[in-house]
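Heads up, the thing below is written out as structure tokens.
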Amino acid sequence: MGRMAARVDVIVRTKERPDFLERALADIAAQSMTSWRAVVVNDGGRPHEVEQVVADSSVSDKVHVVHIAPGEGGRCIAANTGVREADAPLVVLHDDDDLWHPEFLARTTSWLDAHPDSGAVSVPTEIVYEERRGSRWVEADRAPFWAGMSRISLAEMLVINRIVPISIVYRRSLHDEVGGYDESLDAVEDWEFYLRVLPRHPIGFIPGTTLAYWTQRPGVTGAAANSMFELSADHARDDAIVRDRALATWIATYGPGLPLYLAGIEKRVLERIAGVSPGNRGRSIVDVSVWRAVRRRLRRVLRGLRSRSTA
């Protein structure tokens, strides 16, 4: 008799961090909603180490392990490998060092059931700072991630990513619509994926109780490091790559007029900040009049675009 289909496939990316993997599996096992399956993707680590951690867990019968050969993986490849193994209608990435409130899966799956037009849902998240004490990582401090956020906005996501993988559950079918994670990137693959999803489907948000915990260990290097610190240069480079590709697509369709105009405004603002604009050398504070002028010009441009689109 085959196993019962799960509601959610939990994809756990891991590499040479058996203590974090052990904690992650215990965290998933503590969920009040039990209709899940975990897909552990070993991204080039020692296979026997991962297999042993899974075998020793209390939920080994609900865990499927996939191994990627050393040198053949990476964050995006590991995520796509897990997605290809997923057969549940809902998917979530649970990196091995992050954590959930016990009601995370229950609350998010119920919300998606009640909002069939939404492609995903995210939750309030806290950053948990950890430090090594003896043989254990323990909480040293915590802070809210985007305190006061009440919705997931495409306009805000264009500026900066406001979702971390541990905080979002999404429909597996989104990959059929927009494709997988972009394997040409070494970082920001989650943000780039959300930017493809949001124009097609809203991403919901459940306000209130913190349900996800994004752990960080500033200054730590090696296997225990966070990608946002260890891969900071990759994040900056890939952020620029994503923006340049989108800009190139716009220019290929509409020409360089609007981007060139906005770039000119940015240049003048930066010159005023740096105190190098004519007649204003040595000043480092931007006049309110500069910002007002920028807003007026942008409003005129946007009104013109709206008029063209409705003509």
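None of the figures in this text is laboratory data; all of them are computed from the coordinates on show. Note that the structure is predicted; figures quoted are calculated from it, not measured. Methodologically, a virtual Cβ is constructed for each residue, glycine included, from the backbone with ideal geometry; neighbour enumeration extends over all protein chains shown.
Structure above, values below:
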{"item": "Scaled radius of gyration (Cα, divided by 2.2 N^0.38 Å) that the range 144-187 gives", "result": "1.36"}
{"item": "At least 18 Å along the helix axis (C-alpha) and Kyte average at least -0.5, DSSP helices within the chain", "result": "232-254, 257-274"}
{"item": "Net charge of neighbours whose Cβ lies under 14 Å from the Cβ of Gln52, counting Lys and Arg as +1 and Asp and Glu as -1", "result": "-4"}
{"item": "Highest to lowest packing among 117-128, 198-209, scored as the average C-beta count within 10 Å", "result": "117-128, 198-209"}
{"item": "The chain: calculated mean residue ellipticity at 222 nm from DSSP helix runs of at least 4, using -39500 (n - 2.57)", "result": "-13000 deg cm²/dmol"}
{"item": "Under 5 Å, built H, 5+ apart or other chain: amide partners of Val39", "result": "Val10, Ile11, Val12, His64"}
{"item": "Length released on extending from Ala252 to Thr209, taking residue separation times 0.36 nm less the Cα-Cα span", "result": "11.0 nm"}
{"item": "Length gained when the stretch Ser35-Ser60 is fully extended (0.36 nm per residue, less Cα-Cα span)", "result": "7.6 nm"}
{"item": "Fraction of beta bridges assigned by DSSP in the chain that are antiparallel (%, nearest 5)", "result": "40"}
{"item": "Among Val92, Val53, Ala252 the positive-end extreme of the charge dipole of the chain (Cβ point charges)", "result": "Ala252"}
{"item": "Global geometry of the range 1-150, whether rounded, prolate or oblate, following the gyration tensor of its Cα atoms and the 1.5 cut on a/c", "result": "oblate"}
{"item": "Options (1) 0.97; (2) 1.06; (3) 1.03 - which one matches Rg/Rh (Cα atoms, Kirkwood Rh) as calculated here", "result": "(3)"}
{"item": "Relative contact order computed over the chain (Cα-Cα under 8 Å; 6+ residues apart), in percent", "result": "17"}
{"item": "Extension gain from Ala5 to Ala143, taking 0.36 nm per residue of separation minus the Cα-Cα distance", "result": "46.0 nm"}
